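Where a number appears in this text, it was derived from the coordinates with a stated rule and is not lab data. Given the structure is predicted, the values throughout are model-derived calculations rather than measurements. Cβ: placed from backbone, ideal geometry, glycine included. Neighbour counts: every protein chain shown.
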Amino acid sequence: MPSSRHLSRLVGVAMTPLNSAPAQTPAALVRLALGAALASVPARGPLTLGDVTGLIAVPSLAAPRFMEAHHVATLTKLLPAPRVACRTIDTGGAGPVSALLSAARMAAEGPHGLVAVVAGDAVKNLDSKEFLRRADATCAGPEDPEDRDPDYEQIPSPVIPNGYDRVARYQMEKFGVTRNQLAACSALMSIMASRHPDALTRKPRTIAEVLNSRHVAPVTSVLECARRADGGAALLIASNQFMEKMGIPQKHGVVVVGGGEASGPLYPPIPSRISEEMFSCEQAAEQAYNEAQVGVNDIDFFGLYDCFPICLIRAVEAVGLCGKGQGGLYIEHKYNEIQYRLAQNPNFLPQQVFPINTHGGLQAFGAPWEVPAMYNIIEAFHQLSNTAGSRQVQNARRALVYGNGGIFSHSAVAILGNGRY
């Protein structure tokens with residue numbers, strides 16, 4: 001039986017420019033993105049904030065608020081109002097995909113005809129020491145010694161890069177991933193980002209440049225970290241009834257045809273205790289494929305979370321693009337093939353062999369804390385709407401988007417389709 005989510009569609013998307021001047025608060029960035037998303041929908045008349053009856057927000061690091069969605073709704077004057085429901089979803093970087101799945105259900109099952117998903121943060125303009133303090137606190141481990149395992153080992157600062165670095169070294173030891181393969185992730189993302197007009201990274205970087213940049217952890221350089229940024233984004237999910245009422249073309253937008261979520265521990269174990277049991281993307285992807293009744297060969301575009309190279313390497317394995325332990329080799333082969341093709345023909349389109357993160361991902365496009373999975377969704381929307389310009393994947397009909405929270409602590413996967421199969 002098809003999911004009730006099929007009775008709603010993602011009809012509008014928008015994002016603010018990254019690192020715009022003058023600097024904006026997270027709430028201001030959200031307001032700008034939401035207004036742009038409402039203006040983007042081809043309705044009989046302009047959509048307004050008064051048409052929104054559901055709001056889902058993900059938290060900000062630069063300006064955290066109690067009940068973030070209610071905070072945004074109050075500032076925008078969406079509240080007080082009858083029949084408006086707000087919720088805040090915090091699954092870390094997976095939050096936007098978790099929110100998209102929730103919004104699709106809200107819109108389809110009623111009574112919320114138009115649900116907005118918003119995210120915004122201003123971590124680029126947050127004092128660097130304060131940013132590090134706040135980021136470290138998220139995954140540093142239990143504060144009370146009694147809650148720690150007997151062999152507990154504190155992750156050194158910066159906690160998040162070092163936590164992912166632990167997993168990278170596990171992957172190197174268990175599956176033979178090489179240092180060059182890790183660096184190829186960053187180099188590959190920079191190629192993709194250089195083709196997007198809004199990306200922060202304007203010039204492709206080489207593997208050598210990645211390896212020679214300052215290291216923040218044993219096998220992680222600064223060019224392999226999510227690129228800190230300020231920015232906001234918004235999604236609009238409408239029920240079929242709302243679309244008909246507002247004169248939105250029936251086939252406009254895309255449908256969430258499947259989704260899945262799964263979780264792992266918040267605090268990564270010591271290196272000797274890392275095992276496949278802590279990873280959850282495979283479970284989330286399997287759920288999404290099963291609900292959508294499709295497989296990896298039915299997906300034309302992939303928006304995969306890539307906050308650090310090891311996240312991208314494990315993601316291509318988890319969604320089925322290659323076998324277990326083969327992710328590093330897969331990335332390396334794709335990078336080498338694209339380099340060869342570009343040398344032969346400077347007009348070669350990388351998405352022809354690598355229809356993944358055509359916007360450049362977290363490492364090269366830009367990463368305002370928990371916002372970036374929104375960019376995966378927005379890029380998927382453009383791919384499925386045939387509006388991705390020079391980044392367009394030919395005949396894109398279905399897309400898979402993946403968000404990862406914490407240090408592999410939560411996985412959310414959504415499969416989108418444009419209905420033209």
Within the chain, the percent of DSSP beta bridges that are antiparallel, given to the nearest 5, stands at 70
Any idea what angle helix 327-344 forms with the longest principal axis of the chain, computed on alpha-carbon atoms, 0 to 90 degrees, nearest 10? 80
Measure out, as a whole number of angstrom, how far apart the alpha-carbon centroids of segment 227-301 and segment 340-389 sit. 17
For V177, other-chain or 5+-apart residues with amide H closer than 5 Å (H placed, Pro excluded) are M172
Just want the answer: with Cβ charges of +1 for Lys and Arg and -1 for Asp and Glu, which residue in T53, G95, L75 is farthest toward the dipole's positive end in segment 22-105? T53
Hey, can you grab everything whose amide H is under 5 Å from the amide H of A85? Only 5+ residues off in sequence or another chain; H modelled, so Pro and N-termini drop out. G54, L55
Using the Karplus curve 6.51 cos²θ - 1.76 cosθ + 1.60 with θ = phi - 60°, work out ³J(HN,Hα) for each residue of segment 54-63 in order, rounded to whole Hz, and write x for Gly and Pro. x, 9, 10, 10, 10, x, 9, 8, 6, 9
Amide proton proximity set for V257, modelled H, under 5 Å, gap of 5+: I415, L416, G417
Once the Cα atoms of helix 26-40 and of the chain are each reduced to a long axis, what angle between those two axes, in degrees from 0 to 90 to the nearest 10, is obtained? 50
Under a point-charge model restricted to the Cβ atoms of Lys and Arg (+1) and Asp and Glu (-1), what is the dipole moment magnitude of segment 106-265 relative to its Cα centre, in debye to the nearest 20? 1060
Highest mean packing first, using Cβ neighbours within 10 angstrom, the peptides 264-272, 32-40, 390-398, 223-231 sort as 223-231, 32-40, 390-398, 264-272
Specify which residue in the list L321, L126, T25 is farthest towards the positive end of the charge dipole of the chain, using unit charges on the beta carbon of Lys, Arg (+1) and Asp, Glu (-1), about the Cα centre. T25
May I have the extent of the alpha carbons of the chain along their three principal axes, as whole Å values ordered from largest to smallest? 57, 56, 47
Dipole magnitude of segment 210-273 about its Cα centre, charges +1 at Lys/Arg Cβ and -1 at Asp/Glu Cβ only, in debye to the nearest 20? 140
Name the lysines eligible as straight-distance cross-link partners of K174: C-alpha to C-alpha under 27 Å, and not fewer than 8 places from it in the same chain. K324, K334
Expressed as an acute angle from 0 to 90° and rounded to the nearest 10, what is the orientation of the C-alpha long axis of helix 179-193 relative to the principal long axis of the chain? 30
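Only Lys, Arg, Asp and Glu count, each charged at its Cβ (+1, +1, -1, -1), so figure out the dipole size of the chain about its Cα centre, rounded to 20 debye. Please report the intermediate quantities before stating the final value.
Values: 36 positive and 36 negative charges, 308 e Å.
About 1480 debye.
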Across segment 214-231, in residue order, what do the Karplus-derived ³J(HN,Hα) couplings come to in whole Hz, using 6.51 cos²θ - 1.76 cosθ + 1.60 with θ = phi - 60° and x for Gly and Pro? 4, 8, 10, 7, x, 10, 9, 9, 5, 7, 10, 9, 3, 7, 4, 7, 9, x
Taking the radius of gyration and the Kirkwood hydrodynamic radius from Cα positions alone, what is the Rg/Rh ratio for segment 296-421, to two decimal places? 0.95
Report, ordered by chain and residue number, the aspartates and glutamates lying within cross-link reach of K77, taken as a straight Cα distance under 16 Å and ignoring same-chain residues fewer than 8 apart. D51, E68
Most packed first (mean Cβ within 10 Å per residue), the peptides 201-214, 363-376 order as 363-376, 201-214
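Going from the alpha-carbon gyration tensor of segment 151-259, what semi-axes, largest first and in whole Å, does one get by taking the root of 5 times each eigenvalue? Walk me through the numbers on the way to the answer.
Details: eigenvalues 297, 77, 42 Å².
With the √(5λ) rule applied to segment 151-259, the semi-axes are 39, 20, 14 Å.
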